[in-house]
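Everything on this sheet refers to the single structure shown next.
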Amino acid sequence: MNQFLQIGANTVLSSPSGNVTVSYEISNSIDISLTAFLLTDSDKVQGDSGIIFYNQPKSSSGVATLIPSEKVGNTKVHKINFDMSKAPEGITKIAITLTEDNSTGFLNVKNLMAEICTDNTIIQLAPSSFTNENGIVVLELYLRNGQTKAKSIWRGFDSGLEGLCENYGVEVESDEQDKPSEPKTNQKQTQKEPTKTLTVPENNKNRQNTLSTLSLEKVKGLVSLDKGQKPVIIDKTPEITATVSWESGTDYDIYALVYTKDGKQVDVAMFGAEGAPSLRSFGNGAVEHMGDVRRNNRSTKTEVIKLRLNDDILAVVPVVYSAQSNGTGSFYKYKVSMRIDNHNGTSVTIFAKNANNNDRIYSCVPGILHNTQDGVIINPLELYSKPNSERRPKLKMGSTNTVEVIMDKGPISDYK
């Protein structure tokens, strides 16, 4: 038997156990995660065990179990099993939530829907339209008078997972003024592995030419880095994406500078520069630009570069560019950010927080990725070109075998 549950409506389930599936049309511009919160009557979690997500997919009581997502044709399907008869003492509700982790928002998610399956009953739920929301409470499963019930919610948050965590009483790590060099992370969504001692570059004005041995944590979860903070290391997966996002109003472009083990710099860009022709893909797809996004009516725009790192690549430097031919554009005004995602539970975001309102600065380097045997080191740089400079950055090997970024020393970009 099939039913449809309107937004705001609730219904009694035929069984305390079953599953919830969420499906949507696959797109390269979106990356959606499902998280469940186990809640008390006050709509708060009891602690770390109250969050079910990719790094903690099962509750010890068996009340909820997250199943790995799968592709079915052109559809992505997330699934979570539930058994409210196994709810631990004090837990009366499960909130099923989604986050869009590429910062493009649920406006761009097509054919989004959810289903609750119990016994031979399927209850369908569909949302109304969304705009900039990147976090959603889809539905709630709850106990009431000895019955298991479900309510269709579809409430959106602009602050993504962080907003959802705060809503449900999850402590989010705050910035510590006395530790400016530590990465800011979502405390309950990050797992730490044993530290590794590696030699990596630190920032020094427009060059990363001061080197020291730093003890780096291999991080997992959602991490935010600012200029001057300690680099982090993430797991190297078969495919990593570098996504640049900005508010609509100008036309930025992203390209990647690749430094190879034989000392060559390769520019992967949809447009050329003096002596450097346009190149969409390098190394049989080891670094690949996913296409130019031009001016449109979307509130947030993104461009993506995919990385399938091999041993020939030592470093990759994504560059955000605003051509003179596009008119003036401020990195500060349009809120540029870069997100590095290994699609295995870890993403690192660098924001252009130190940009000023000078609309004659055309290039920004958010950070550099070093390819090592231990993983990918992400170092936040947030470097800017000189005013009116159309020259690309130049890469070179430093004295301690790390790649340096030098602004305004590369070829002049072609007129776009």
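Readers should treat all values here as calculations from the given coordinates under stated rules, not as data from a laboratory. In this text the structure is predicted, and so the values were computed from the model without any measurement. Every residue, glycine as well, gets a Cβ built from its backbone with ideal geometry; the counts of neighbours run over all protein chains shown.
For the reader, a short list of remarks on this structure follows.
- Peptides 340-347, 159-166, 364-371, 108-115 ordered by packing proxy, namely the average of other Cβ atoms within 10 Å per residue, highest first: 364-371, 340-347, 159-166, 108-115.
- Relative protection proxy for 275-282, 262-269, from highest mean packing down: 262-269, 275-282 (other beta-carbon atoms within 10 angstrom).
- Highest-first packing order for the peptide set 69-82, 307-320 is 307-320, 69-82, based on the mean count of other beta carbon atoms within 10 Å.
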